[in-house]
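To start, the structure itself, in structure tokens.
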Amino acid sequence: MYVKAVRPTDLNRNTEWFTYPGVWTTYILILFFSWLIVLSVLNCSPGLAWTIVHLSHFLVTYHFFHWKKGTPFADDQGIYNRLTWWEQIDSGKQLTRNRKFLTVVPVVLYLIASHTTDYQHPMLFFNTLAVFVLVVAKFPHMHKVRIFGINADQ
Amino acid sequence: MITIPYLTALTTYFSYGLLFAFGQLRDFFRKIFDWCRASNLQGYAPICLGLEDFYTRRLYLRIQDCFGRPIASAPDAWFDVVERYSNDNNKTLKRTTKKSRCLNLGSYNYLGFAASDEYCTPRAIKSLKRFSPSTCSARVDGGTTTLHTELEECVANFVQKPAAVVFGMGYVTNSAILPVLMGKGGLIISDSLNHNSIVNGARGSGATIRVFQHNTPSHLEKVLREQIADGQPRTHRPWKKIIVVVEGIYSMEGELCKLPEIVAICKKYKAYVYLDEAHSIGAVGKSGRGVCELLGVDTADVDIMMGTFTKSFGSCGGYIAGSKELIQYLKYTCPAHLYATSISPPAAQQIISSIKVILGEDGTSRGAQKLARIRENSNFFRSELQKMGFEVLGDNDSPVMPIMLYNPAKIPAFSRECLKQNVAVVTVAFPATPLLLARARICISASHTKEDLVKALEVISRVGDLVGIKYFPAEPNKQQQEKGLIKVD
């Protein structure tokens, strides 16, 4: 089964890989397999495993999409040094398909995690906090906004 | 268009994710260990911000032995590769005195001028004795010898343009000329896969840069229309100049540019065309005059033709060819002409002699033979690789053929296994290519004989089976089938 790789016109090597086929599937598969691994290692209930996956997904994606700025190579001479990965994808255009997909994934994870834990209290609070932070960080109005100067440059 | 098997795309993303995760883990522990060790650079800003050299440290250095291999002889069809070893898991590599004789599938030696040539080398040695290895001066000061003027005429004649100017380095030609031609208020529209020298020159010029989809004339037209209608950013005044930059053969794809359509569109919208023939000059076309001859485009339609002498002429340096007024202007303003040392005299003589051989002016038909041989070699090699089931990019007649690898682990596997069997290949990965599309790039030369190519095909086929890169089904061997039928009868 073959797919065609259309070359995008994105000059930023850090974000261009996200426009190729297969990324969305890989993302979803990684989440599913990490749920299986958590379940087999910790021998807990499926709901708790989904909560753990949801919260670690929150930590990882917040750190890499909304906290770390710049690109992992020096070729582009630092023109993206003030932008987080989320602000760099699709060259800053808002509400593209990729951005919508990445906004929906934490919400779906939240729904699965809350449903499988039957909306019980300590987990529900943390899950809601996580999804709230992630979704607000992805709003178009939050493009290049640094609240209270957190993560702003010197 | 590259067709990837879907499963390979998924596994490639997963592998890169894993490598990235391990790199971050190592960085995290390194930060903890380094906290204990106080550094004596308190108050100084760090040279690299935390994330900038992540890719180099955590991905590139692990497979460093596949890149930058030192060679100990001229880059002919067979050459000596120095063996290296590492005591600290590839962070540092030490050279040994042992050399291995390998088949060279990586050098840009398209016409075989890289090694000693019976016409060019005696003349280069004579000019070395007469002029010395360096002119020790910039062109405007004392660095223009008779060789330089002869070379410029020779090049202008070869590419069929009124005048030309030559520079000491190919990369510098692009990055120093674009800022001179364009300034703030101009528009540079470049192909998305243009070489780093063009990207750097365009960024350094201060003009606005827009990118069009690789080799897609319809997208170029769309971008041109949008930009002309829009005007300069913020003020919306009309653009001062619009220049479209394309390459003759794209070095990472082996594809030829769709020059006739692009030139037609640029004429329609009155934009200038800048053609970078680094890989195609001397290697394609009936008499080696490059992609314009091959595709039947009149050289008067291409406004600025740029090329380098490193690939087909066995020398170093670059040139710009255009109208007399343009070259005159460049000679007053280009910093590479005014301040940089001029091209070395033996190198200039090598270029002049090799152009004479290509055009047949040395009295033999070696030039035409070389051109025919490189065409046959490339077509033979490419069709054989495709028959074996590899995914090979590039058009027919192009001497550059990338074999797709995709997974990051297959890059060092392919490279090291081929080296063990005495075939040296160049592998390229992110960030020179897109993340998914890592490849091994093969450059065919006119000095490869049929036996060399057959040996290379055997080795690549064996290594390909081991590494698992035959993504397409192999075509069955038709001759064996026919023999079988005859025997049955």
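The values are calculated or read from the model by the stated rules, or taken from the named source; none is laboratory data. All values derive from a computational prediction rather than experimental measurement. A quick note on method: Cβ atoms are made from the backbone with ideal geometry, for glycine too, and the neighbour counts reach across all protein chains shown.
None of B:297, B:284 is surrounded by fewer than 24 Cβ atoms within 10 Å (Cβ to Cβ), β-branched (Val, Ile, Thr), in contact with a Leu (Cβ under 8 Å, 6 or more places away or on another chain) and part of a loop (DSSP other than H, G, I, E, B) except B:297.
For the stretch B:320-379, name all the residues that are part of a loop (DSSP other than H, G, I, E, B), in contact (Cβ under 8 Å) with a residue 60 or more places away in the chain and over 30 Å from residue B:442 (Cβ atoms). The answer is B:323, B:334, B:339, B:340, B:342.
Restricting attention to the stretch B:184-226, the residues being at the interface with chain A (Cβ under 9 Å from one of its Cβ atoms), part of a helix (DSSP H, G or I) and closer than 14 Å to residue B:262 by Cβ number 2.
Within the stretch B:81-132, the set of residues being among the aliphatic types (A, V, I, L, M) and either free of Cβ contacts under 8 Å to residues at least 24 places away in the same chain or outside any strand (DSSP E or B) (or both) comprises B:82, B:93, B:105, B:111, B:114, B:115, B:124, B:125, B:128. Reported count of residues in the stretch B:67-91, each being of a type in the set (D, E, K, R), modelled with pLDDT under 90 and over 22 Å from residue B:413 (Cβ atoms), is 1.
Can you say whether residue B:390 is within 26 Å of residue B:467 (Cα to Cα), among the aromatic types (Phe, Trp, Tyr) and part of a helix (DSSP H, G or I), as far as the supplied structure shows?
No: the conditions fail for residue B:390.
Would the stretch A:71-87 turn up any residue that is more than 12 Å from chain B (Cβ to nearest Cβ), surrounded by 16 or more Cβ atoms within 10 Å (Cβ to Cβ) and out of contact with any strand residue (DSSP E or B) (no Cβ under 9 Å at 6 or more places or on another chain)? Checking the stretch A:71-87: at least one residue is more than 12 Å from chain B (Cβ to nearest Cβ), surrounded by 16 or more Cβ atoms within 10 Å (Cβ to Cβ) and out of contact with any strand residue (DSSP E or B) (no Cβ under 9 Å at 6 or more places or on another chain).
Here residue B:8 clears all of (1) among the β-branched types (Val, Ile, Thr); (2) more than 14 Å from every other protein chain (Cβ to nearest Cβ); (3) touching a residue at least 24 places away in the same chain (Cβ under 8 Å) except the condition numbered (2). Scanning the stretch B:95-116 for residues being closer than 19 Å to residue B:415 by Cβ and over 26 Å from the mean Cα position of the chain (by Cα) gives a total of 4.
Residues that are aliphatic (A, V, I, L, M) number at least 2 in the following helices (runs of 4 or more DSSP H) confined to the stretch A:19-91: A:23-42, A:46-61. Just one of (1) surrounded by fewer than 22 Cβ atoms within 10 Å (Cβ to Cβ); (2) at pLDDT below 90; (3) hydrophobic (A, V, I, L, M, F, W, C) fails for residue B:228. It is (2).
Restricting attention to the stretch A:1-44 and to residues that are free of Cβ contacts under 8 Å to residues at least 24 places away in the same chain and of a type in the set (S, T, N, Q), the residue that is farthest from residue B:406 (Cα to Cα) turns out to be A:43.
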